[in-house]
Amino acid sequence: MSLTGDDLKMAVRDFFDPSSLLEFLDLPDREARATWGARQFASSNRGRSVRRLAGEPDAGRKTHWTAADDGFIYEVEATDGGRRGPVTWHVALQVAGARLTPVRYGALRKAVEAVAAHDAAYVPSPVPFRTVKAWEATFYRPWAKRASALELLASSAFDVILPAAVAQPSLF
């Protein structure tokens, strides 16, 4: 059975995070997207399967991405035997581009760049501080609070471009 429209939207949304979506949107052409996609599947730190959340179509079912020429194969383990189909990078760009506006792109870029700059400012140990408690109170807690706020902004910008099939409530 072939993929549904919701499957296609969820395949694209679940494949990206805010920074990878920005990187993908900035690619100039088909060849660059194909090279980028090959790198994504070659990296070992990206998960390649996800369970659908409550309220989503086929809740609790596992989904899988596997590399394919110029895209990926998306598979949904569904009650009716499952659905499977190819998703090209061009189609992924169309799905993301359907809700992309200059303002939304700008908000995503600003948020992702702010997260990256903030992460670069992290001091991994209390070396310049007198004690660990001083490091925590003076640097780590304010840094972590700001990091959370910036991640929330990046997630919000991402959600506007690639909304969830069913909006999930905030955990906090």
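The values are calculated or read from the model by the stated rules, or taken from the named source; none is laboratory data. Quick caveat: nothing in here was measured; it's all calculated off a predicted structure. Positions of Cβ are backbone-derived with ideal geometry, glycine not excepted, and every protein chain shown enters the neighbour counts.
Counting the residues of segment 74-104 that are part of a loop (DSSP other than H, G, I, E, B), among the charged types (D, E, K, R) and surrounded by 15 or more Cβ atoms within 10 Å (Cβ to Cβ) gives 1.
Of the candidates Thr63, Thr138, the single residue that is surrounded by 13 or more Cβ atoms within 10 Å (Cβ to Cβ), outside any loop (DSSP other than H, G, I, E, B) and in contact with a Lys or Arg (Cβ under 7 Å, 6 or more places away or on another chain) is Thr63.
Any residue at all in segment 105-119 that's exposed (fewer than 15 other Cβ atoms within 10 Å of the Cβ), in a loop (DSSP other than H, G, I, E, B) and more than 15 Å from the chain's Cα centre (by Cα)? For segment 105-119, residues exposed (fewer than 15 other Cβ atoms within 10 Å of the Cβ), in a loop (DSSP other than H, G, I, E, B) and more than 15 Å from the chain's Cα centre (by Cα): absent. The set of residues in segment 57-81 that are over 16 Å from Phe16 (Cα atoms) and touching a Pro at 6+ places or on another chain (Cβ under 6 Å) contains only Ala68.
Residues checked against (1) polar (S, T, N, Q); (2) assigned to a helix (DSSP H, G or I):
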position: Met1; (1), (2): no, no
position: Asp6; (1), (2): no, yes
position: Met10; (1), (2): no, yes
position: Phe24; (1), (2): no, yes
position: Leu27; (1), (2): no, no
position: Arg33; (1), (2): no, yes
position: Trp36; (1), (2): no, yes
position: Gln40; (1), (2): yes, yes
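Gly106 meets each of the listed conditions (1) within 30 Å of Thr35 (Cα to Cα); (2) at pLDDT below 95 apart from (2).
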